[in-house]
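Report on the following structure.
The values are calculated or read from the model by the stated rules, or taken from the named source; none is laboratory data. Predicted model only: the values in this text are computed from it and were never measured. In this analysis, Cβ positions are derived from the backbone assuming ideal geometry, glycine residues included, and neighbour counts consider all displayed protein chains. Keep in mind that these areas ignore ligands, DNA and RNA; they rest on the heavy atoms of the full protein, side chains included. Shrake-Rupley method; radii C 1.70, N 1.55, O 1.52, S 1.80 Å.
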Amino acid sequence: ERLEAVNAAFYVLEITLKFTPDEQKNERLFNALTGFLSYLDLTAEMREAEIREKIALGLAKFKIDFLASAGLAIHAEPPAEFAEVGFSNSRGGFMFSGSAVDYRRLPPGAFRLFQRLGAMSFDELWRQAGMGSNISNIYELQEVLSGFLEYHLERRLKSERFL
């Protein structure tokens, strides 16, 4: 019934298939996958205006959990005070100065969103009224996470085009 939800489901299934060895158990990944698919199922009850943001937040949450369960958790230890934040695939995460060749500057809101999503479950995310996030922060975070996945996979993800 929801094309956006189907596209997101195809995406998470593609990265799961491409990143994981056949018949190797990974309970943490299984829980992330089933949590995300249950989360998507709840969008059937929503108004169109809410769906895109909820799916984008859920997809970012899944990518964070997926990377951690695949042994590729993103480094994100900010100093007590920082003036800027960026991301580097080659350095494995967020950086607080532009010292890497592939450093990409990000709005601080995208980093704060990453921290909040990583700390909550899909159930908690569903109950959140909106996270108070600027939609551009959600999409900036999505781009960074997708780029990091593709960096480690060493190829483009076909289903990403449909999102």
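Out of the GluC sites (Glu not before Pro) in the stretch 7-75, which ones are loop residues according to DSSP with at most 14 other C-beta atoms within 10 Å?
Sites meeting the loop and neighbour criteria: Glu23.
Rounded to whole Å, give me the distance from the Cα center of the stretch 68-97 to that of the stretch 28-61.
25
Give the residue from Ala119, Ala9, Val144 lying farthest towards the positive end of the charge dipole for the chain; charges sit on Cβ (+1 for Lys and Arg, -1 for Asp and Glu) and the dipole is referred to the Cα centre.
Positive-most Cα among the choices belongs to Val144.
Using the Karplus curve 6.51 cos²θ - 1.76 cosθ + 1.60 with θ = phi - 60°, what ³J(HN,Hα) values do you get for each residue of the stretch 91-101, in whole Hz, with x for Gly and Pro?
Here the 3J(HN,Hα) series is 8, x, x, 6, 10, 10, 6, x, 9, 10, 4 Hz.
Which entry is the computed mean projected area of the Cα convex hull in nm² for this structure: [x] 13.2; [y] 15.1; [z] 9.8?
Read-out taken from this structure: [z].
Under 5 Å between amide hydrogens, which residues at least 5 positions from Val85 or on another chain qualify, with H placed 1.01 Å from N in the peptide plane?
Long-range HN contacts for Val85: Leu106.
The stretch 60-153: which trypsin sites (Lys or Arg not before Pro) are DSSP loop and have at most 15 other beta-carbon atoms within 10 angstrom?
Values: sites: Lys61, Lys63, Arg91, Arg104, Arg105, Arg112, Arg116, Arg127; in loops: Arg91.
Answer in residue order: Arg91.
Using the membrane-span-like helix rule (whole DSSP H runs, Cα extent along the own axis of at least 18 Å, mean Kyte-Doolittle hydropathy at least -0.5), which helices of the chain qualify?
Working: long enough: 3-19 (24 Å, 1.11); 27-41 (21 Å, 0.29); 48-69 (31 Å, 0.29); 135-153 (27 Å, 0.31).
Helices meeting the span and hydropathy rule in the chain are 3-19, 27-41, 48-69, 135-153.
Starting from the Cα gyration tensor of the stretch 35-80, take the square roots of the eigenvalues, sort them a ≥ b ≥ c, and report rounded, prolate or oblate (rounded when a/c is under 1.5, otherwise prolate if a/b is larger than b/c, else oblate).
Numbers: a/c = 4.50, a/b = 1.92, b/c = 2.35.
Here the stretch 35-80 falls in the oblate category.
Ignoring ligands, DNA and RNA, what accessible area per residue does the chain give at 1.4 Å, in Å²? Provide the component values of the computation, followed by the final result.
On the way: 9230 Å² over 163 residues.
For the chain, the solvent-accessible area averages 57 Å² per residue.
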